[in-house]
Every structure is written in C-alpha cells, then in structure tokens.
Amino acid sequence: MHRTFQRWAELGVLDLVWERLLEECAELGGVGFEWQAADGAMGKARFGGTS
C-alpha cells in the first residue's frame, strides 16, 4: 500500500485526482474551498504485516 501511494505521488496521480474532485465540486456550486483535506482509513495489517 505504501509503495503504491509513493508511486502515485511520484507519477502525479494524486494531483490529478484532486483536480478532478475540484472540478466535480465546482459544478455543484456553493462549495467553499478555504480549507481542504483528503482522509483515509487506517486498519490493522493482515497477518501481522508491517507494510
């Protein structure tokens, strides 16, 4: 998971996702973008794994 995230960050995938989110939200109107955040869920690693 971490390697995938790092690869996406290097390739600019996260920037593209953020841009798309902004475009979609702008179409809804009335969304204030003074502060933004992306959130994810954390869970215990399966089978005792560490990464």
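Pairs meeting the criteria (first residue in segment 23-34 and of a type in the set (A, V, I, L, M, F, W, C) and surrounded by 10 or more Cβ atoms within 10 Å (Cβ to Cβ), second residue in a loop (DSSP other than H, G, I, E, B) and at pLDDT below 75, beta carbons under 9 Å, at least 6 apart or on different chains) are Cys25/Val31; Cys25/Phe33; Ala26/Phe33.
Comparison of Phe47, Phe33 shows that the only residue that is assigned to a loop (DSSP other than H, G, I, E, B) and either in contact with a helix residue (DSSP H, G or I) (Cβ under 6 Å, 6 or more places away or on another chain) or modelled with pLDDT under 75 (or both) is Phe33. Looking at segment 1-11 only, could you name the residues that are out of contact with any helix residue (DSSP H, G or I) (no Cβ under 6 Å at 6 or more places or on another chain) and surrounded by 11 or more Cβ atoms within 10 Å (Cβ to Cβ)? Once the filter is applied, which keeps residues that are out of contact with any helix residue (DSSP H, G or I) (no Cβ under 6 Å at 6 or more places or on another chain) and surrounded by 11 or more Cβ atoms within 10 Å (Cβ to Cβ), segment 1-11 yields Phe5, Ala9.
The values are calculated or read from the model by the stated rules, or taken from the named source; none is laboratory data. Note that the coordinates shown come from a computational prediction; the quantities given were computed from them, not determined experimentally. All Cβ positions, glycine included, derive from the backbone under ideal geometry; neighbour counts span all protein chains shown.
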